[in-house]
Amino acid sequence: MDRRIRRLGIGLVGLFALLFAQLAHIQVFAADDIKGKPANARRQIIAEYKVDRGLILSADGRVLARSVENPDKDSDLLFLRDDPARDVFGQITGYYSRIYGRSALEQAMNPYLSGDAPELAISTFTDLILGNPKKGGTVDTTIRTDLQEAAVSALGDQPGAVVAVDPRSGDILAMVANPSYDPNTLSSGSDKDIQAAWRALQADPDKPLLSRAKDELYLPGSTGKLITASAALENGFGPDSDWKNPRFLDLPQTTNTLANFGDSLCNGGSATVTMAEAFKESCNVTFAEIGLKVGAKKMSEQAHKYGFCPTDPPGQTDCIEPTIPFVLPFQEGHFPVPEYFQDNDPLLAFSSIGLDNVLTNPLHMALVASAIGNGGKMMVPRLVTDVRDPQGRVVRTFDPEQYGNPIGPRSATELRAMMLSVTQGGTASSAFAGYPIPVAGKTGTATNGENVPPNAWFVCFAPAGANDIPRIAVAVIVLDGGTLADEAATGGAIAAPIARQVLEAYL
């Protein structure tokens, strides 16, 4: 009898071993092959589209993305994704496509939107027990609807981007780029329609699937002087420090020269000029001198404190070590390592005025302006504040986070005053004539290749009075001169008025 029981036990153990081996083979070794079979891929899509995917909301409660019941009752896809604002928020929400997957917040927050995150387990289990469709969580963003629409209106049809940030928290208040795209074209319609829309977006030379606010990089031009001024202030050169004021700077190690905008003289043609006056007038010659005096090591260190990632062009142009966390893909600004400038002072001179291999985008420059306005404290950019379950209970919070202290409080105060002079008698004074709130800013005009109008920049924060706590920082870039002719396409003429409209909508 015992022998029979033993044999039965051994047989059962063997059968269980075979069962577990088969399960392991299916779940581990054959999983990719099984998943890749068209029939199973279709089943997975059907399962995904049975979920009442969660909302993406603006800070003021506007629906940016939602799931709606499929009007085609014969379809096995129960829900479709809908973006009511279409291209206004398209690069923020991203697309949710049964053919091309997900992007932006639809991808970054997918575990919450799909209801698969551990924080939503109780809600998901309840839906299962009650036989209700699975529901995803609601994602609350920092985007202000009114400010986003104001930025869209101010930029108009011009190629470029606008980013607005709250310096105190790092909250992204608005993030607009031209061109954008409508996620609905990739989320609904027939397979043929979706594929045609994808091909059109991929073929567009302006790359609407990439945001000019955060995914592309550009020469900052004279807005890069914020880095040079920061490095100078942090290393003992005050706003009143005197510098030689020639019409042209003879570049070391070469017969070439560097000139001010329009080959003009600064400070009325006097023999010397203070750093504060040179900043106000955006004097290239002076800031190239300052960069050379500060030196490559300290210039690079200052840029990297602002989150510009070290690069070593021309052999290597990608970030060696990106450091700024952000929920969406983000191309940090680039500033070369000190070794790049070794025995090559002209490269350092041009980098000191935001040219050569210094690259950035509006999101990063808005963070730089925010740090200066925030007393030298730079916050991590924040786009999502919290996630709520289908019953409205907060299940995950994303608190503000400090990135670092690129400059000290004294340098921040001195640089604030220098930036304030730009809008009060400097290169952006015409754009802010009659504006009742003090604004600290910096214009920039960046070369853009031969026979191509320049890119126009403006970065700022406000209110910027001596005792004010700034509540908004804005960065604007208009590509290829925008609507203005080459000679008129300056940061003060074309980018600063856009920033003013955004400030007016907020303040």
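Please go through region 151-198 and pick out each residue that is part of a loop (DSSP other than H, G, I, E, B), of a type outside the set (S, T, N, Q) and either touching a residue at least 24 places away in the same chain (Cβ under 8 Å) or within 27 Å of MET365 (Cβ to Cβ) (or both).
GLY156, ASP157, PRO159, ASP166, PRO167, ARG168, GLY170, PRO179, TYR181, ASP182, PRO183 - these are the residues of region 151-198 that are part of a loop (DSSP other than H, G, I, E, B), of a type outside the set (S, T, N, Q) and either touching a residue at least 24 places away in the same chain (Cβ under 8 Å) or within 27 Å of MET365 (Cβ to Cβ) (or both).
Please determine whether any residue of region 212-220 is buried (at least 17 other Cβ atoms within 10 Å of the Cβ), under 30 Å from THR93 (Cα atoms), among the charged types (D, E, K, R) and touching a Phe, Trp or Tyr at 6+ places or on another chain (Cβ under 7 Å).
Within region 212-220, one or more residues are buried (at least 17 other Cβ atoms within 10 Å of the Cβ), under 30 Å from THR93 (Cα atoms), among the charged types (D, E, K, R) and touching a Phe, Trp or Tyr at 6+ places or on another chain (Cβ under 7 Å).
Considering PRO111, PRO84, which residue is of a type outside the set (Gly, Ala, Ser), more than 30 Å from ASP157 (Cβ to Cβ), surrounded by 13 or more Cβ atoms within 10 Å (Cβ to Cβ) and modelled with pLDDT of 95 or more?
Exactly one residue qualifies, and that residue is PRO111.
Identify the residue in region 79-100 that is of a type in the set (Phe, Trp, Tyr) and not in a strand (DSSP E or B) and, among all such residues, is farthest from the chain's Cα centre (by Cα).
Per the stated criteria, the residue is TYR100.
Could you count how many residues in region 239-289 are more than 36 Å from the chain's Cα centre (by Cα), in a helix (DSSP H, G or I) and without any contact (Cβ under 8 Å) to a residue 12 or more places away in the chain?
1
Do the conditions hold for ALA417, that is, is it touching a residue at least 12 places away in the same chain (Cβ under 8 Å), small (Gly, Ala, Ser) and either in contact with a Lys or Arg (Cβ under 9 Å, 6 or more places away or on another chain) or crowded, with 20+ Cβ neighbours inside 10 Å (or both)?
It is false that ALA417 is touching a residue at least 12 places away in the same chain (Cβ under 8 Å), small (Gly, Ala, Ser) and either in contact with a Lys or Arg (Cβ under 9 Å, 6 or more places away or on another chain) or crowded, with 20+ Cβ neighbours inside 10 Å (or both).
Residues to consider are ASP146, ASP182, ASP171; find the one that is within 18 Å of PRO381 (Cα to Cα), surrounded by fewer than 24 Cβ atoms within 10 Å (Cβ to Cβ), under 20 Å from the mean Cα position of the chain (by Cα) and of a type outside the set (S, T, N, Q).
None of the others qualify; the one that does is ASP171.
Quick one: count up the residues across region 300-339 that are assigned to a helix (DSSP H, G or I) and in contact with a Leu (Cβ under 7 Å, 6 or more places away or on another chain).
Residues meeting the conditions: 0.
Taking ASP468 as meeting all but one of (1) closer than 29 Å to GLY268 by Cβ; (2) modelled with pLDDT of 95 or more; (3) more than 20 Å from the chain's Cα centre (by Cα), write down the number of the exception.
All conditions are met except number (1).
Rundown of residues vs (1) more than 15 Å from the chain's Cα centre (by Cα); (2) crowded, with 21+ Cβ neighbours inside 10 Å; (3) outside any strand (DSSP E or B), yes/no style:
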residue: SER370; (1), (2), (3): no, yes, yes
residue: THR385; (1), (2), (3): yes, no, no
residue: ILE407; (1), (2), (3): yes, yes, yes
residue: ARG410; (1), (2), (3): yes, no, yes
residue: GLY426; (1), (2), (3): yes, yes, yes
residue: SER430; (1), (2), (3): yes, no, yes
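Which of the residues that make up region 49-61 are in contact (Cβ under 8 Å) with a residue 40 or more places away in the chain, in a loop (DSSP other than H, G, I, E, B) and farther than 17 Å from PRO183 by Cα?
LYS50, VAL51, ALA59, ASP60
Over 28 Å from LEU479 (Cα atoms) and at pLDDT below 95 - does that describe any residue in region 344-351?
Scanning region 344-351, I find at least one residue that is over 28 Å from LEU479 (Cα atoms) and at pLDDT below 95, so the answer is yes.
Every residue, every condition in (1) touching a His at 6+ places or on another chain (Cβ under 9 Å); (2) more than 30 Å from VAL139 (Cβ to Cβ); (3) modelled with pLDDT of 65 or more; (4) not in a helix (DSSP H, G or I), yes or no:
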residue: ILE5; (1), (2), (3), (4): no, yes, yes, no
residue: LEU23; (1), (2), (3), (4): no, yes, no, no
residue: VAL28; (1), (2), (3), (4): no, yes, no, no
residue: ALA41; (1), (2), (3), (4): no, no, no, no
residue: ASP74; (1), (2), (3), (4): no, yes, yes, yes
residue: LEU77; (1), (2), (3), (4): no, no, yes, yes
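When the residues of region 62-72 are filtered to those that are surrounded by 14 or more Cβ atoms within 10 Å (Cβ to Cβ) and assigned to a loop (DSSP other than H, G, I, E, B), which remaining residue is modelled with the lowest pLDDT?
ASN70
The values are calculated or read from the model by the stated rules, or taken from the named source; none is laboratory data. Since this is a predicted model, take the numbers as computed values, not measurements. Glycine gets a Cβ as well: all are built from the backbone with ideal geometry, and neighbour counts include every protein chain shown.
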